[in-house]
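Novice: Okay, here's the structure, questions in a sec.
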Amino acid sequence: MSVNQKRYTISQKRVFLLFILSLICISCFMTLNLKGNISYILMHRTWIVLTMILVAFAASTSTLLFQTVTNNRILTPSIMGFESLFVLIQTVVIFFIDTQGIPYIGIIGKFVFESLLLILFSLFLYRGLFTKLKQNLHLVLLIGIILGTLFRSFSNLLQRLMTPTEFAVLQSRIFATFTRAEPVLIIFSLIIASVIGVFLWKMRFRFDVLALGRDNAINLGIDYQKSVTIILLLVSVLVAISTALVGPFTFLGLLIANLAYSISGSSQHRYLLPTAFLLGIIFLVGGQMFLERVLNMVGALSIVIEFIGGSLFIFLLLKKVPM
């Protein structure tokens with residue numbers, strides 16, 4: 001057996017072990033401390049697990065593909081201002097309309113409205129700026145950071161002018177949680193994410209070529225501009241769905257993506273993508289179970305993940321990860 005074959009075998013075994021561990025985490029989360037109305041509790045926990053699986057897939061896939069396109073293991077879609085725009089949308093709706101949002105468009109309508117705004121923002125950056133600036137991706141990233149800062153500043157201004165009741169409602173919406181999403185939204189999001197997942201899996205070998213850089217990808221016959229545009233658009237859809245569904249998770253993708261690079265033992269996306277996805281499930285389901293069953297919910301999972309992910313981000317910056 002050659003060295004490459006041994007390496008692939010090891011990667012396959014690691015993916016399988018992560019799959020088993022993720023199933024154990026889900027099983028324990030679903031079955032531990034079942035008391036009272038068991039059917040209701042199981043249904044409630046099922047929706048939470050499905051939400052976590054969706055967020056794990058969206059965060060891991062979007063971050064990995066974004067880093068593949070940018071050839072940078074520090075950057076994530078969050079740095080482009082997606083979460084800032086989400087907070088701004090929620091702030092503007094509550095400040096200018098009502099704390100109930102826009103009731104006449106319904107739950108699905110509100111969800112689609114928020115997602116479309118996030119996607120249109122990404123299209124403005126990726127399709128417009130990326131083309132006009134001759135694929136100068138670093139300049140596009142700089143503009144994204146500036147816009148994110150602008151969104152945060154405007155949101156802070158409106159929040160200072162809110163009444164205490166409006167501000168309390170806003171905080172409940174922009175704070176990431178897995179128990180807020182409606183079942184119909186979860187099903188709707190899972191369908192979209194599944195279609196995107198199948199499409200991206202078929203492109204997994206193309207991602208390996210794109211990871212070699214623009215010049216190498218073009219020399220190997222890849223339509224670089226078309227491929228990058230499609231990838232960034234699908235990344236935008238995943239980030240928009242996840243953010244509109246549960247709220248912002250700034251460093252979740254960064255955390256599981258960088259762990260996937262180390263654990264998978266391979267640079268091929270057929271191993272990186274499932275490794276990051278399974279790590280996301282383990283972190284979210286296992287972390288939520290630990291907080292609920294061991295720590296009696298003394299903290300929020302989002303705070304713990306953001307703290308760990310933020311610490312990793314600082315570590316990567318200090319380590320000077322190659323750009």
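The values are calculated or read from the model by the stated rules, or taken from the named source; none is laboratory data. For clarity, every value in this text was computed on a predicted model and none was experimentally measured. Note: areas computed on protein heavy atoms with side chains; ligands, DNA, RNA excluded. Shrake-Rupley method; radii C 1.70, N 1.55, O 1.52, S 1.80 Å.
Novice: Got the relative contact order for segment 224-294 handy, in percent, Cα pairs under 8 Å and 6 or more residues apart?
Specialist: On the way: 20 pairs, mean separation 14.3, N = 71.
Dividing the mean separation by the residue count of segment 224-294 yields 20 percent.
Novice: Roll a 1.4 Å probe over the protein heavy atoms and report the accessible area of residue 205 in Å², nearest 10.
Specialist: The value for residue 205 is about 110 Å².
Novice: Note down the accessible area of residue 224, probe 1.4 Å, to the nearest 10 Å².
Specialist: 30 Å²
Novice: Report residue 26's accessible area, 1.4 Å probe, all protein chains in place, as a number in Å² to the nearest 10.
Specialist: Looks like 40 Å² after rounding.
Novice: State log₁₀ I(q)/I(0) for segment 191-313 at q = 0.15, 0.17, 0.22 Å⁻¹ as given by the Debye formula over alpha-carbon point scatterers of equal weight, solvent excluded.
Specialist: Computed log10 I(q)/I(0) values: -0.82, -1.01, -1.40.
Novice: Moving on to the next point. Under 1.5 on a/c is rounded, so check that first for segment 136-234, then, if it is not, pick prolate when a/b is larger than b/c and oblate when it is not; a ≥ b ≥ c are the square roots of the alpha carbon gyration tensor eigenvalues.
Specialist: Since a/c reaches 1.5 but b/c is at least a/b, the shape of segment 136-234 is classed as oblate.
Novice: Something else: What is the spread of the Cα atoms of segment 8-52 along each of their three principal axes, largest first, in whole Å?
Specialist: 46, 19, 10
Novice: Mind checking the per residue accessible area of segment 165-207 for me, 1.4 Å probe, whole number of Å²? Numbers along the way, then the final one.
Specialist: Numbers: 2380 Å² over 43 residues.
On a per-residue basis, segment 165-207 sits at 55 Å².
Novice: Further question: Just to make sure I understand: if all protein chains stay in place, what is the order of 208, 223 by accessible area at 1.4 Å, largest first?
Specialist: The ordering from most to least exposed comes out as 223, 208.
Novice: Before anything else, pin down the relative contact order of segment 132-282: Cα pairs under 8 Å, at least 6 apart, normalised by residue count, whole percent.
Specialist: With pairs under 8 Å counted, the relative contact order is 24 percent.
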